[in-house]
Structure formats: structure tokens, C-alpha cells
Amino acid sequence: MKTIIILGDGMSDYPVAELHGKTPLQAAHKPHIDRIAREGRMGLFETVPEGFPKGSEVANLSVLGYDPAKTYNGRAVIEAANMGVGLGDADVAFRLNLCCIENGLIKNHSAGHITTEEAGEIIRSLQAALGEESGDIPVDFHTGVSYRHLLVLRGSGASPKLKCAPPHDHVGERAAELLPTATSDEAKATEAKVRSVMVQAEGILKDHPVNRARIAAGKDPANTIWPWSPGRKPKMETLQARFGIHGAVISAVDLIMGLGLYAGMDVIRVEGATGLWDTNYEGKAAACIQALRDHDLVYVHVEATDEAGHAKDLGLKIKCIEMLDDRLVRPVLEGLEREGLEAAVAVLPDHPTPVCTGIHADDPVPVAIRRPGQSADGTTAFDEEQAKTGSLPFMRGDDFIRLALGLKAG
């Protein structure tokens with residue numbers, strides 16, 4: 001049977017006082033997501049094993065059934081795959097955020113959600129001024145989407161053994177105390193190179209025309225680059241080799257699309273998919289139904305709920321859950337019925353992004369799987385508490401993907 005996985009990034013949360021102890025999932029009006037829970041089975045899934053970063057790079061590896069202990073090499077190398085950036089075996093890639101620093105503190109991780117067009121001008125300026133083709137550790141900058149970009153250090157002089165702070169987890173903290181730091185002697189030269197590039201970039205960004213225009217418009221400038229999540233390219237077995245399935249991934253985020261490429265999935269790009277709350281939900285739903293015709297698995301990822309959590313915006317997070325429900329889940333379910341297609345449908349977050357903290361958490365996430373012909377377990381709504389009462393076993397490792405695909409436990 002074919003399978004659809006709908007993932008609301010960072011969708012789960014903690015009880016919120018303003019909601020009288022409810023979570024955003026409990027407070028949101030989401031009848032179609034609740035229908036999946038009511039007609040299916042629920043459970044909890046540990047997507048971030050102990051000792052790993054509490055981020056989408058680890059959690060989505062787990063969702064697709066990969067062991068992070070064997071496949072995790074930072075998120076940048078996964079994003080590089082989708083960006084078409086070739087990496088040599090010795091190269092080290094960093095995710096590069098354009099950030100706003102104010103009074104020495106990280107004001108936000110996204111330079112006020114800078115546009116891709118504006119960011120492209122900045123990254124091209126950085127490459128022209130700081131990009132190197134030779135030297136002990138040559139440097140390249142590559143443009144991504146909005147604030148999300150790539151810094152590549154090439155050659156055997158580069159090391160991934162640096163402790164780097166994800167900026168979205170440190171908003172409001174002093175930037176100088178969070179700089180990349182070598183964790184081994186072999187990485188000392190890499191630490192020096194990265195810090196030097198950051199300092200030089202600040203001088204370029206200070207008077208950049210894009211930032212002058214943003215400040216004049218009352219917007220946050222991109223006055224700092226922030227490298228993090230370093231790694232070398234991973235070696236991953238495809239889903240076809242592992243499970244004998246042909247998969248497709250639909251997302252606006254380089255990380256998820258790059259992970260799909262490493263997993264051997266087809267990447268389907270939807271016009272108007274932004275990675276934010278204004279994304280093209282309907283376009284993703286239509287692409288999902290179309291892709292299901294010639295794929296065994298369609299993985300639909302929506303970033304909006306995660307960004308709302310990072311912004312600590314409770315109302316926006318609830319609205320994003322409701323838009324996911326009405327503008328994506330509803331047309332997917334209607335499309336299956338209209339086209340006479342049979343498919344298991346699973347819905348889940350990859351990790352919580354609680355509005356009270358604005359940073360990722362590693363608590364187990366709720367999962368609902370509706371499979372035609374399979375009895376329901378009595379859960380009535382999709383939320384963190386209902387998942388505790390569901391009939392699905394507590395999931396770790398590749399338990400979820402096997403259940404979603406209707407396969408026996410490994």
C-alpha cells in the first residue's frame with residue numbers, strides 16, 4: 001500500500017498557561033488532522049536519541065528510519081546536496097545563517113526573515129570579497145533560501161570538530177560567548193579560519209546596500225554571518241535499497257530536500273513554497289496527490305509551525321496548525337477520495353518547538369497513522385496527551401517508518 005507522511009515541523013509543544021493548560025495542538029481547530037487520529041492509531045516516537053542535537057537534521061533522519069549514530073554528519077552537508085554543491089571527501093560544510101546582532105546579543109536567527117533576493121546579493125558580495133580558491137583552507141559561500149545558506153571549507157586542512165551554537169537556540173544571548181570553538185587540536189586552524197571569516201564579513205555587512213535599505217525600511221539588518229552544524233558528506237543507503245520503495249519529498253527547506261536526495265527520493269519543488277507561514281499549502285497538497293500515482297511514499301514537510309515556535313508567537317503557531325489542517329491535510333484526504341487512491345496517511349512533528357522557550361526540544365512526539373482496513377484504537381484527537389493513550393508501541397529507530405509503510409519490525 002502507498003504511504004503519505006505529513007510532517008508539521010516543530011508542531012508539538014508544552015501546556016501553555018494562556019491556553020488554560022492546553023498545548024497549541026489541543027487548542028487548535030484541526031478536524032482533518034484529528035480525523036486521521038480518530039480513524040487510525042496513535043503513539044509516541046522518540047525522534048532525537050540521547051546525546052544528539054535537538055534539531056530537524058537528526059529528527060528527520062529518524063522519521064525516515066535512519067540511525068543518526070551511523071548517518072548524522074551535521075545538517076549543512078544534507079542541505080548542500082539539495083543546493084547542488086558538490087563536496088569532496090575532505091571538505092567541511094557549515095550551515096550559514098544571516099543573523100541580526102543588536103547590542104552584542106543575537107536578536108534573531110533569520111535577519112528578520114530576509115528575502116532570498118536580498119540574501120543572494122549579500123552572499124554574492126561575501127563570495128567576491130572573501131571566497132578563496134587556494135591557501136591552507138579555501139572558502140566558498142553558496143546562496144540558499146531566505147536566511148539559510150552554506151559555507152564550505154575545502155581540503156584536508158579543514159576539520160568538522162568544532163562546537164557551534166545553533167543561533168535559533170540562543171536568541172537573546174551574547175554572541176561573543178557562542179563563537180565556534182575547536183574540540184580537538186586538529187580543528188584549531190579551522191576555528192581560526194571561521195572566526196576570521198565572521199569578523200571580515202561583519203565589516204562587509206555593516207554598510208552593505210541591502211542592509212542600508214532594510215534599516216531605512218525599519219527592518220532588521222543581516223549584520224552577522226553565523227556558521228554552525230559542520231560536517232563531511234554522509235554515506236546513506238537509499239530507501240529503495242532498504243525497503244524496496246520509490247519515494248518523493250515535498251518541502252521548501254534545503255535540509256529536508258537534501259535528506260531526500262541522500263535517501264534516493266525524488267525532490268518535488270512547489271512554486272510558492274517558502275518555508276514560512278505564507279507557504280503554498282494547496283500546491284503541496286496537489287503535488288502530493290500527483291506524486292502518489294508513481295511513488296510508494298510521499299513525504300510532505302511544512303516548516304511554518306517550527307518558525308512560529310522560534311518566534312515564541314503562540315497565536316501564529318495555532319494559526320499555522322490550523323492552516324496545515326485546512327489547506328493541506330483536508331485537500332490531501334479529499335484528493336485520495338476523489339481519485340479513488342488507497343494510501344496510509346501518517347501525521348507527526350519531527351520534534352517539539354515550544355513557544356515558551358523558542359528552541360527545539362527532544363521530547364517524544366505524537367504520531368497518528370491511518371491505514372485503510374485497519375481498526376482504530378479509540379483516540380479522538382491529535383495531540384500530545386491522546387498519543388499517550390494510543391495503541392501504537394513507543395517508537396524508536398526505524399519503528400515509525402516500518403509502521404507507516406506497513407512493514408514488519410526490523
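The values are calculated or read from the model by the stated rules, or taken from the named source; none is laboratory data. The structure presented is a predicted model; accordingly, all values stated were derived computationally and were not measured. Neighbour counts run over all protein chains shown; Cβ positions are idealised from the backbone, glycine included. Side chains are part of the model used for accessible areas, which takes the heavy atoms of the whole protein and leaves out ligands, DNA and RNA. Shrake-Rupley method; radii C 1.70, N 1.55, O 1.52, S 1.80 Å.
Only residues that are aliphatic (A, V, I, L, M), open to solvent by 10 Å² or more (accessible area, probe 1.4 Å) and under 21 Å from the mean Cα position of the chain (by Cα): list them for the range 279-303, please. Within the range 279-303, A287 is the sole residue that qualifies. Could you give me the residue pairs with C-beta distances under 6 Å whose first residue belongs to the range 158-178 and is acidic (D, E), whose second residue is assigned to a loop (DSSP other than H, G, I, E, B) and surrounded by 19 or more Cβ atoms within 10 Å (Cβ to Cβ) wherever it lies, and which are 6+ apart or on separate chains? That search, which allows pairs on different chains as well, returns D169/I359.
Give the residue that is farthest from H142 (Cα to Cα), with candidates limited to residues of the range 50-74 that are open to solvent by less than 20 Å² (accessible area, probe 1.4 Å) and in a loop (DSSP other than H, G, I, E, B). Here the answer is G65.
Results for (1) open to solvent by less than 30 Å² (accessible area, probe 1.4 Å); (2) outside any helix (DSSP H, G or I); (3) touching a Phe, Trp or Tyr at 6+ places or on another chain (Cβ under 7 Å); (4) among the β-branched types (V, I, T), shown as yes or no for each residue.
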| site | (1), (2), (3), (4) |
| --- | --- |
| T305 | yes, no, no, yes |
| A308 | yes, no, yes, no |
| R338 | no, no, no, no |
| A361 | yes, yes, no, no |
| Q374 | no, yes, no, no |
| D377 | no, yes, no, no |
| E385 | no, no, no, no |
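Considered as a group, the residues in the range 166-177 that are under 22 Å from the mean Cα position of the chain (by Cα) and either among the aliphatic types (A, V, I, L, M) or in a helix (DSSP H, G or I) (or both) include one that is nearest to P227 (Cα to Cα), and that residue is P167. Against the list (1) touching a Gly at 6+ places or on another chain (Cβ under 6 Å); (2) among the hydrophobic types (A, V, I, L, M, F, W, C); (3) open to solvent by less than 10 Å² (accessible area, probe 1.4 Å), the condition V355 fails is (3). When the residues of the range 229-252 are filtered to those that are out of contact with any helix residue (DSSP H, G or I) (no Cβ under 8 Å at 6 or more places or on another chain) and buried (at least 20 other Cβ atoms within 10 Å of the Cβ), which remaining residue is nearest to L64 (Cα to Cα)? Ranking the qualifying residues of the range 229-252, first place goes to L239.
Return the residues of the range 221-246 that are among the polar types (S, T, N, Q) and touching a residue at least 40 places away in the same chain (Cβ under 8 Å); say none if nothing qualifies. Before you say what the answer is, go through the steps one by one.
If we filter the range 221-246 for residues that are among the polar types (S, T, N, Q), which is where we start, we get 223-224, 229, 238, 240.
N223, T224, S229, listed by residue number.
Taking the criterion of being under 30 Å from E18 (Cα atoms) and surrounded by fewer than 18 Cβ atoms within 10 Å (Cβ to Cβ), would at least one residue in the range 259-268 satisfy it? Within the range 259-268 (the criterion being under 30 Å from E18 (Cα atoms) and surrounded by fewer than 18 Cβ atoms within 10 Å (Cβ to Cβ)), the answer is no, since none of the residues qualifies.
Candidates in the range 145-165 are the residues that are over 21 Å from the mean Cα position of the chain (by Cα) and part of a strand (DSSP E or B); of these, the one that is surrounded by the fewest Cβ atoms within 10 Å (Cβ to Cβ) is L162.
To keep it simple, each residue is scored yes or no on (1) aromatic (F, W, Y); (2) closer than 18 Å to H360 by Cβ; (3) modelled with pLDDT of 95 or more.
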position	(1), (2), (3)
K22	no, no, yes
A37	no, no, yes
F45	yes, yes, yes
F52	yes, yes, no
G55	no, yes, no
I78	no, yes, no
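Exactly one residue out of L64, L96 is at pLDDT 95 or above, within 20 Å of T353 (Cβ to Cβ), within 23 Å of the chain's Cα centre (by Cα) and not acidic (D, E): that is L64.
Scanning the range 239-275 for residues that are at positive phi and either under 17 Å from the mean Cα position of the chain (by Cα) or outside any loop (DSSP other than H, G, I, E, B) (or both) turns up just one, G275.
When restricted to residues that are surrounded by fewer than 16 Cβ atoms within 10 Å (Cβ to Cβ), of a type in the set (D, E) and in a helix (DSSP H, G or I), the range 188-220 contains 1. Confirm whether F45 is touching a helix residue (DSSP H, G or I) at 6+ places or on another chain (Cβ under 6 Å) and open to solvent by less than 30 Å² (accessible area, probe 1.4 Å). So F45 fits the description; yes.
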